[in-house]
Amino acid sequence: WIVNVAYVWYSGGELSDYTGVAITLVLVVVGFLPPLLELRSKVTHAVSAEMTSLRGRLDGLLKHASPTGADAVHPTARALEERLDEALVMLRISYLEKLYAQLGQSEATDIVVKLLVPLTTVAWYGYKYYKGLP
């Protein structure tokens, strides 16, 4: 779409050309934005539900753990298992928070890299033309 706009502007397009550009923009926005917003909403809901579940589980584990008394000196297998569960839940929460914070960044980087290939090709040919290289 951006290349189309640049070409229409560079070539001095007519009103019908700009209308075509506007229609293309509307189609791109209508075709891309609602699915993107729906996906982000579903992911946000799923992540927040999982985080709430994990935090509730962690709260339950912390309430049942009693590091005082005889358990502090000689922990039982059950106490060690609960502590391990607690550590795993905290790791899962940390991992989910990191994934959610980076949502869409790898896809955006992928798109930028894919767009840089033709742009660098055009820039290289422009440079060669400007310098008079064969």
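The values are calculated or read from the model by the stated rules, or taken from the named source; none is laboratory data. Because the structure is a prediction, the values reported are computed rather than measured. Positions of Cβ are generated from backbone atoms using ideal geometry, with glycine treated the same way; all protein chains shown enter the neighbour counts. All accessible areas refer to the heavy atoms of the entire protein, side chains included, with ligands and DNA or RNA removed. Shrake-Rupley method; radii C 1.70, N 1.55, O 1.52, S 1.80 Å.
Descriptive notes on the structure:
- Extreme residue, farthest from the chain's Cα centre (by Cα), among residues of segment 45-58 that are open to solvent by less than 90 Å² (accessible area, probe 1.4 Å) and free of Cβ contacts under 8 Å to residues at least 12 places away in the same chain: 56
- One residue stands out among those in segment 8-35 that are assigned to a helix (DSSP H, G or I) and open to solvent by less than 60 Å² (accessible area, probe 1.4 Å): the one that is farthest from residue 83 (Cα to Cα), which is 8.
- Annotation: of all residues in segment 51-102 being among the β-branched types (Val, Ile, Thr) and modelled with pLDDT under 75, the one that is farthest from residue 40 (Cα to Cα) is 73.
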